[in-house]
Every structure is written in structure tokens, then in C-alpha cells.
Ligand code: G6Q
């Protein structure tokens, strides 16, 4: 089926016309007109409560947005992904993170082969290894049990593991210490290891390609750090394991492929936290809880695949994001988890959303004439309230917000949780309804201050309530955003699964490295700014 360019689709034009009528309507009016709006624009599914009533939408808006999804071929794209088609067309790859959480008996065929048994074989090896570490049965070179696990990886091979470890720390084996090294800045490695004993430390070198500059530099430094204390090359086998798709490079590095956990080219880096890249997570929380996390992912996969769009949470999340991004001109989305353990969740989502959908051409290479991914950002509430919420409430930018909260705390201490959750509800209320001038005046505020004390409101929020932060809930949360990203990418007609935009800087850095390290005055052929910066660096570093 041929799909018209996005801005020429009838559903797009209808949304444009609808926007012209709706964009001045206040949420106060929408709520006043429908006393049951709060219940009618909310969904209960997957053990979650998804309240989208505080969005600037009517039933008509949703009907048109769903029409847009249909006209954009979303259904067909979903089936293509789950069916193992090579929808990552610029890299000729299938996109099958959903296979990572498929049940044992499922069949998902790529290039004539069912990949599900391979997934489970790796999960079983991971589980056996994780148990050996957790039980103290995996001994280091000197016979001491492993107490410290350091994941070395970057991008998709780091952000998921760090986020999941922080999110699920409550469930983690506290006798073990977990650290994450990603940056090529030596500070990262030095600070992560300064108080660790080599004899008790295991490095997980996580790299799909096993060629990434930052990761390989850190891995080599880790090797030196180990050898300097343990003396002997044979120590490496006890203190290094690899997570990779590249057995040849793993062997070259000196890690026995017996200690390598594999994955596949159909797992994108930013979609890999539930593959072997999650080995550190599994060691932290144990194989059973890791399985519970996978079950959470899978529940959302099934929901995404089979629920009609009107009741499909990730589809609605994606379409609402398009509504503000493409019609209201909103440039960003704030993700505000009211849960301290989710402190790295916004950072994780930044890669998932922006590396996926920060694209300027459609699948066939035509330049888009509409906006693609908004900027995602955020911090845990309530800290953000004492910092940037001012701009959301009274600044000049429209910032839709996702508020995430939990009914039950992981630490029941005094009144903390009620105070925390009161803030979730209060913020959503304040953002939606604001405080008009007559109300400010009625409160006796002097006229000169009235304008300063007005809250316009009409700022859209989603409130996502779960019962408790568990591995399963975390899996659900991540999968919701994965499929929301997919929905948006499908409507925009872009490839959400490549990342060519990271290449140019990498290649230029490779060219500059010898110009920084070489002896004598190098001949510089950059622009005058880059040349001057390199010269100044060399002078200050004392290499001239
Ligand atoms: C993610 C990207 C990217 C990747 C890193 C690390 O989708 O592909 O962030 O994960 O560049 O790559 P390696 O795992 O190959 O080291």
C-alpha cells in the first residue's frame, strides 16, 4: 500500500484543521464540560493506570490521531517488526528486541531460523553464571570470591545497565558492589575502581561490536589495572567476561569465548538492556527477578500488538507526543518520575527516544517537512519542582510532562510517601488548571503582583500510576516507551533503528588523535578554529 507523504495525508490535514479550533480551548473548559472526563480519558491495563485526561484533546482529537496512525500504516509496521522483517532498512536488519522476551515456545523467524531458542539458551547461560557470582562460587585468580562487578560499555551498552541497576537496587544483592564505566575520560575508570580490590573484581566488557573506542580503551585500562595487581595473564580469564556479537574480537582481546555472552545484530544497542547486555542487572537482582522484568516487557509487547489503538497505551503515548510536537510546536517532553530509584530513567529515555527518532529523512531518503523527535529530559520529582518546574508553569514554552508515580513505596518511612504522591497529583492539577488572575486577586494579592502570581495552566500531563516499582513494572515502563517511540517513528515514516548521526564525530576524532599525540608540529588541515584549538591544546599539554 502506498502511503502519501505525511503532511498530505487526509488525517494530517484534518488534524491541522482540528488544531485550529482546539488550541485555544482550556483544560478548565474541557473538564467543566464533562464531569466524568477524568475517568473517561483514563485506561487501566497491564496493572497500570494511564490517565490522559489532562491532555488538550477531545474524543474527536483521538479519533483523528488514531486515523493518522492507521493511515500511516502503523498496524502493518507493528506486524512487520514482530514478524522479523528487516525494517531497519539502512542496515538491512530485523528489529527484534521483542524476541528477547518471547516465551520459550514462541517462534520468531529471521533468515529462516527461529531465534527464540537461541535467546533462551543465552538466558540460561547468563543465569548459571549470575548464580555462580551471587553464591560466591566464581572465584577470582587468588581464590577470593567476586564482590565487585564493573560493567564497561557505552551508549546502549551502558545506559540500560546503569538505569536498571539504579532502578532495581532495592532488589539487588547488597553484598555486591556494582560500578559502570562508560566515558573515555580516565576519571570515569579511576573513580569507579579506586576503592576496589582487583582480586575481588569482575569486569563485564559489554560491546555489541567490541570495537568501540571508549569501551576498548577502558577495557584495556582495566586489563592493565588487574595485571598490575594480579601479575599473571591467566588472571584475565577469571576477571573478565564479554557481552558481544563479535567472537573474533573478544578472543583477540584475550577473553575466552566460553566467558562470552552473545546477542544478535537484530538487537539495537538502545533496545538491548534485556539481552545479555543486562548481565550486570541479572547478577544484581538474580535470574528470577530478571525473568520478572522480561515478563513485564512481554506483557506490554502483547498489549501493543493486540490491543485496538483506542485502548493501546504506547500507541496513545506516541500519538499524544505527535499532537504536541507537530501541531502545537512543542519542542520538548519532560519525564518526571516520582521515585528516587528511577533517577537515571530520563537519561535512559534520552537515548531511546532521541537516537531512535532524531532523524531528518524518511525511509526512502526524502527530507521531512515536519518535526521529528522532541527533546526528552527530566529529573525525579520532587527535586525538579525546586528547580526547573518554574519554567514549565510560567515560562513561554509548552512542555508536555509525563508524571510517573507508585501507589506503594519501597520504603515505608513516616509520611514520606504520601508527601511525595501529594506532589504528583498537585503538580498535574496545577499544570492543567493553573490559577487565573481573578482567583489571585480574590486571595488579596496586591494588583502590582497579580500578573506575577498568575498560572496560565493548560499544560498537558500524562499521569502513569503503578502499584509498586518492581522488576516487572520496570520492564513495562521501558517497553511502553519503546513502543511509543515505534509509533512515532512509524507515523513520521523514519527509521527509528539506525544512528548514522553518531558517525561523523567519531571519524573526525580518529583523524585528530594522531594530531594530538604525534611528535613535532603536525600539518593541520582543518578549519582555522579547529586548527587553533588543536595548537593551543598541544601547547598547554606541553607536547610542543
Ligand atoms: C545504540 C547505539 C549505540 C551503541 C554504542 C555502543 O543504539 O548503537 O549507543 O550502543 O555505540 O556500541 P557497542 O555496544 O558496539 O560498543
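Relative to 2.2 N^0.38 Å, what does the C-alpha radius of gyration of the stretch 210-283 come to as a ratio? Two decimals please.
Against the empirical 2.2 N^0.38 Å value, I get 1.14 for the stretch 210-283.
Taking each pair of different alpha-carbon atoms in the stretch 1-140 once, compute 1/r for the pair, average those values, and report the inverse of that mean as the Kirkwood hydrodynamic radius in Å to one decimal.
Hydrodynamic radius (Kirkwood, Cα only) of the stretch 1-140 equals 19.7 Å.
Figure the gain on full extension for residue 80 and residue 8 (residue separation times 0.36 nm, minus the Cα-Cα span) and round it to one decimal in nm.
Stretched fully, the residue 80-residue 8 segment lengthens by 23.5 nm.
Could you work out how far the C-alpha centroid of the stretch 453-467 sits from that of the stretch 11-52, in angstrom?
Computed from Cα coordinates, the inter-centre distance equals 13 Å.
To two decimal places, what compactness ratio does the stretch 322-470 give when its Cα radius of gyration is scaled by 2.2 N^0.38 Å? Please list the in-between numbers first.
Details: Rg = 18.0 Å, N = 149, 2.2 N^0.38 = 14.7 Å.
Working it through for the stretch 322-470, the quotient is 1.22.
Per-residue ellipticity at 222 nm for the chain, helices alone: DSSP H runs ≥ 4 residues times -39500 (n - 2.57), over residue total, nearest 500 deg cm²/dmol?
On the way: 22 runs with 243 residues, N = 544.
That calculation yields -13500 deg cm²/dmol at 222 nm.
I'd like the antiparallel share, as a percent to the nearest 5, of DSSP beta bridges with both residues in the chain.
Rounded to the nearest five, the antiparallel share is 30 percent.
Count the DSSP beta bridges whose two residues both fall in the stretch 111-259, then state the antiparallel fraction as a percent rounded to the nearest 5. Please list the in-between numbers first.
On the way: 1 of 15 bridges.
Percentage antiparallel, nearest 5: 5.
Angle, helix 313-322 long axis vs. longest principal axis of the chain, Cα atoms, 0 to 90°, nearest 10?
The angle comes out near 70 degrees.
Which distance in Å, rounded to a whole number, links the C-alpha centroids of the stretch 233-284 and the stretch 175-200?
18 Å
What is the helix-to-structure angle for 287-306, meaning the angle in degrees between its Cα long axis and the longest Cα principal axis of the chain, kept from 0 to 90 and rounded to the nearest 10?
Helix 287-306 sits roughly 40 degrees off the main axis of the chain.
Using only the alpha carbon atoms of the stretch 245-292, find the Kirkwood hydrodynamic radius as the inverse mean reciprocal pair distance, in angstroms to one decimal.
One decimal place: 11.9 Å for the Kirkwood radius.
Can you sort 338, 49 by how many other beta carbons sit within 10 Å, fewest first?
Least crowded to most crowded, the residues run 49, 338.
Could you work out how much longer the chain between residue 16 and residue 310 gets when fully extended? Use 0.36 nm per residue separation minus the Cα distance between them, nm to one decimal.
Separation in residues times 0.36 nm, less the Cα-Cα distance, equals 103.8 nm.
For residue 528 and residue 396, calculate 0.36 nm times their separation in residues minus their Cα-Cα distance, and state this gained length in nm to one decimal.
Stretched fully, the residue 528-residue 396 segment lengthens by 43.7 nm.
Hey, could you pull the Cα Rg and Dmax for the chain, both in Å?
In Å, with Rg to one decimal and Dmax whole: 25.3, 78.
Take 81, 421 and order them by how many other Cβ atoms sit within 10 Å, fewest up front.
By the 10 Å Cβ count, ascending: 421, 81.
How would you rank 362, 353, going from fewest to most other Cβ atoms within 10 Å of each one's own Cβ?
On the way: 362 17, 353 25.
With the fewest neighbours first, 362, 353 line up as 362, 353.
Compute the orientation-averaged projected area for the stretch 400-544 from the convex hull of its Cα atoms and round it to one decimal in nm².
Mean orientational projected area (the stretch 400-544, Cα hull): 18.5 nm².
How many angstrom separate the Cα center of the stretch 396-439 from the Cα center of the stretch 84-154?
Spelled out, the Cα-based centre of one part sits 38 Å from the other.
Could you list log10 I(q)/I(0) for the stretch 130-234 at q = 0.10, 0.11 Å⁻¹, which the Debye formula gives when each Cα is one point scatterer?
Once normalised to I(0) and log-transformed, intensities are -0.27, -0.33.
The numbers here are math on the coordinates, done by the rules we state, and not lab data. Because the structure is a prediction, the values reported are computed rather than measured. Here the Cβ is made from the backbone with ideal geometry for all residues, glycine too, and neighbour counts use every protein chain on show.
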